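Here is the structure we will look at.
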Amino acid sequence: QVQLVESGGGLVQAGGSLRLSCAASGSIFSTNTMGWYRQAPGKQRELVAAMTSGGRTNYPDSVKGRFIISRDNAKNTVYLQMNSLKPEDTGVYYCNVKWFLYGSTYEHWGQGTQVTVSS
């Protein structure tokens with residue numbers, strides 16, 4: 001039973017910043033990737049940032065240079081620092097953890113937190 005609890009979303013003006021947090025609990029394999037995805041109304045869910053347990057990060061071009069993902073293994077928490085926010089960043093942000101074990105994929109999602117960027 002894995003649970004991911006997100007916090008930090010809200011309403012901000014364009015150019016502002018937010019920091020999202022996601023606290024994970026339960027049986028999570030130590031070798032994993034944690035990440036953030038977002039989904040805007042009428043659009044597909046897209047990767048925002050991901051970070052492996054080994055420290056490798058991945059960002060799409062749309063957020064590169066503006067968003068920073070980090071992890072605190074002691075607290076089993078992943079963060080997303082979002083700077084220079086744009087209206088197109090608006091959406092529901094979901095925390096995710098994924099790992100592979102014995103040929104199977106294990107993936108869990110948080111409940112999502114709304115981020116709204118006004119112009």
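The values are calculated or read from the model by the stated rules, or taken from the named source; none is laboratory data. This structure is a prediction, so every number in the text was calculated from the model and none was measured. A quick note on method: Cβ atoms are made from the backbone with ideal geometry, for glycine too, and the neighbour counts reach across all protein chains shown. Only protein heavy atoms, including side chains, enter the accessible area calculation; ligands, DNA and RNA are left aside. Shrake-Rupley method; radii C 1.70, N 1.55, O 1.52, S 1.80 Å.
Results, tabulated for the structure shown:
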{"item": "Among (1) modelled with pLDDT of 95 or more; (2) out of contact with any helix residue (DSSP H, G or I) (no Cβ under 6 Å at 6 or more places or on another chain); (3) surrounded by 12 or more Cβ atoms within 10 Å (Cβ to Cβ); (4) not hydroxyl-bearing (Ser, Thr, Tyr), the one test that Gly65 misses", "result": "(3)"}
{"item": "Search result, residues across region 1-25 that are of a type in the set (Gly, Ala, Ser), open to solvent by 50 Å² or more (accessible area, probe 1.4 Å) and either within 21 Å of Gln111 (Cβ to Cβ) or part of a strand (DSSP E or B) (or both)", "result": "Ser7, Ser25"}
{"item": "Boolean, Ser70 is more than 18 Å from Leu4 (Cα to Cα), of a type outside the set (A, V, I, L, M, F, W, C), modelled with pLDDT of 95 or more and open to solvent by 40 Å² or more (accessible area, probe 1.4 Å)", "result": "no"}
{"item": "Of all residues in region 27-36 being open to solvent by less than 50 Å² (accessible area, probe 1.4 Å) and either of a type in the set (Phe, Trp, Tyr) or farther than 15 Å from Thr113 by Cα (or both), the one that is modelled with the highest pLDDT", "result": "Trp36"}
{"item": "Failed item in (1) more than 15 Å from the chain's Cα centre (by Cα); (2) open to solvent by 60 Å² or more (accessible area, probe 1.4 Å); (3) not small (Gly, Ala, Ser), with Thr57 passing the rest", "result": "(1)"}
{"item": "Within region 93-115, tally of residues that are surrounded by fewer than 19 Cβ atoms within 10 Å (Cβ to Cβ) and part of a strand (DSSP E or B)", "result": "11"}
